[in-house]
1. Identify all residues within segment 79-93 that are touching a helix residue (DSSP H, G or I) at 6+ places or on another chain (Cβ under 7 Å), among the aliphatic types (A, V, I, L, M) and not in a loop (DSSP other than H, G, I, E, B); write none if there are none.
2. For residues that are under 17 Å from Ala32 (Cβ atoms) and either without any contact (Cβ under 8 Å) to a residue 40 or more places away in the chain or within 16 Å of the ligand (Cβ to nearest atom) (or both), tally how many sit in segment 119-151.
3. Identify the residue in segment 103-117 that is touching a residue at least 24 places away in the same chain (Cβ under 8 Å) and in a strand (DSSP E or B) and, among all such residues, is surrounded by the most Cβ atoms within 10 Å (Cβ to Cβ).
4. Would you check which residues across segment 201-211 are on the phi < 0 side of the Ramachandran plot and within 7 Å of the ligand (Cβ to nearest atom) and list them?
5. If a residue must be among the aliphatic types (A, V, I, L, M) and within 16 Å of the ligand (Cβ to nearest atom), how many such residues does segment 87-118 contain?
6. List the pairs whose first member sits in segment 189-209 and is over 15 Å from Pro26 (Cβ atoms), whose second member is within 6 Å of the ligand (Cβ to nearest atom) and among the hydroxyl-bearing types (Ser, Thr, Tyr), and whose Cβ atoms are under 8 Å apart, counting only residues at least 6 apart or on separate chains?
7. Residue by residue through segment 152-198, note down the ones that are of a type in the set (A, V, I, L, M), modelled with pLDDT of 95 or more and either away from the ligand (no atom under 16 Å from the Cβ) or out of contact with any strand residue (DSSP E or B) (no Cβ under 8 Å at 6 or more places or on another chain) (or both).
8. Give segment 1-42 a look and list any residue that's in a loop (DSSP other than H, G, I, E, B) and of a type in the set (Ser, Thr, Tyr), or say none.
Amino acid sequence: MEILAVDHPLVAHKLTTLRDVETDSPTFRRLADELVTLLAYEATRDVRVSPATVQTPLQAAEGVQLSKPAPLVVPILRAGLGMLDGMTRLIPTAEVGFLGMVRNEDSLEAQTYATRIPDDLDGRQCYVLDPMLATGGTLVAAIKLLFDRGARDVTAVVLLAAPEGLRFVEQSFGDEHPIRIVTAAIDEKLNEVGYIIPGLGDAGDRLYGVV
Ligand code: URA
C-alpha cells in the first residue's frame with residue numbers, strides 16, 4: 001500500500017482553516033472542494049492514458065487521452081459527497097458510483113445502507129472519496145466491495161488520516177491489489193470514541209450541518 005501525505009503550502013493552509021472550529025459551513029464546503037482538487041491532482045498521477053494524435057493548427061502532435069473504461073469515482077455518503085465536485089473537476093469523464101455507509105458509533109463498525117456501483121468493475125481504476133480515515137472500517141468495507149467486483153486498483157482520497165486507520169487498511173489487504181491513500185495530513189491518533197485528534201471534528205456535520 002502506498003501512502004501519500006501531500007506536502008504543499010496551499011494544502012496545509014486550506015487544511016488549517018478547515019480544522020478551525022470558527023470556520024462556518026459555507027467556507028468549510030468551499031475549502032474542502034478546493035483541497036480535494038489539489039489532492040486529486042496527486043491522486044491521479046497513475047491514471048491510465050493511451051497515446052493520441054491531434055492536429056494542431058500547424059501539424060500533427062502526439063499526446064495522450066484518458067483510457068477507457070473511464071475511472072470510477074465513489075464518494076462515500078454522506079461526507080464524501082462534499083469531495084465529489086473537486087474530484088470530477090479534474091476528471092470530468094469519470095463515472096460516479098455511490099456507497100452509503102454509516103459508522104455505528106458504539107461498535108465503530110461500518111454499515112452499508114446504499115450501493116449504486118456497477119456490478120462489473122473488471123479492470124477499472126477506482127477513486128474512493130471519504131474525508132476522514134479514522135478507524136478504517138468504512139474504507140476497508142468500500143475497498144473490499146470494489147475489489148470483489150473486479151476493480152483493478154483503488155486510490156482513496158481523504159482529507160485526514162489517523163495512523164490506526166492507515167494500519168488497519170494496510171493489514172486488511174495483501175499485496176495482490178494496488179491501494180493508494182492520498183491525504184492532506186496524517187494526524188496524531190484516534191480518541192476513545194474514534195475521532196481523529198486533533199482532526200477537524202465531524203466532517204459530515206461541518207459540511208452539511210447536524211441532522
Ligand atoms: N469521522 C469524522 O467525521 N471525524 C472524525 O474525526 C472521525 C470520523
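1. In the first step, residues of segment 79-93 are kept if they are touching a helix residue (DSSP H, G or I) at 6+ places or on another chain (Cβ under 7 Å); the result is 79, 82-83, 85-87, 89-90.
Filter once more, keeping what is among the aliphatic types (A, V, I, L, M): 79, 83, 87, 90.
Hits for segment 79-93 are Ala79, Met83, Met87.
2. Going through segment 119-151, the residues under 17 Å from Ala32 (Cβ atoms) turn out to be 127-134.
Filter once more, so that each one left must be either without any contact (Cβ under 8 Å) to a residue 40 or more places away in the chain or within 16 Å of the ligand (Cβ to nearest atom) (or both): 128-134.
Qualifying residue count, segment 119-151: 7.
3. First, pick out the residues of segment 103-117 that are touching a residue at least 24 places away in the same chain (Cβ under 8 Å): 103, 105, 108-110, 112, 114-115, 117.
The next check asks that each one be in a strand (DSSP E or B); those that pass are 103, 110, 112, 114-115.
On the way: Arg103: 16, Ala110: 19, Thr112: 14, Ala114: 11, Thr115: 13.
Residue satisfying both the conditions and the ranking: Ala110.
4. First, the residues of segment 201-211 that are on the phi < 0 side of the Ramachandran plot: 202-208, 210-211.
Answer for segment 201-211, where residues must be on the phi < 0 side of the Ramachandran plot and within 7 Å of the ligand (Cβ to nearest atom): Asp202, Ala203, Gly204.
5. Going residue by residue through segment 87-118, those that are among the aliphatic types (A, V, I, L, M) are 87, 90-91, 94, 96, 99, 101-102, 108, 110, 114, 117.
Keeping just the survivors that are within 16 Å of the ligand (Cβ to nearest atom) gives 99, 101-102, 108, 110.
Here the count works out to 5.
6. The qualifying pairs are Gly201/Tyr195; Asp202/Tyr195.
7. First, the residues of segment 152-198 that are of a type in the set (A, V, I, L, M): 154, 156-162, 166, 169, 179, 181-182, 184-186, 190, 193, 196-197.
Narrowing the set further to residues that are modelled with pLDDT of 95 or more leaves 154, 156-162, 166, 169, 179, 181-182, 184-186, 190, 196-197.
Across segment 152-198, the qualifying residues are Val154, Ile179, Val182.
8. Step one: of segment 1-42, the residues in a loop (DSSP other than H, G, I, E, B) are 1, 6-8, 20-24.
Matches in segment 1-42: Thr23 only.
The values are calculated or read from the model by the stated rules, or taken from the named source; none is laboratory data. Keep in mind that this is a model prediction, so the values were computed, not measured. Here Cβ is always computed from backbone atoms with ideal geometry, including for glycine, and neighbour counts include all displayed protein chains.
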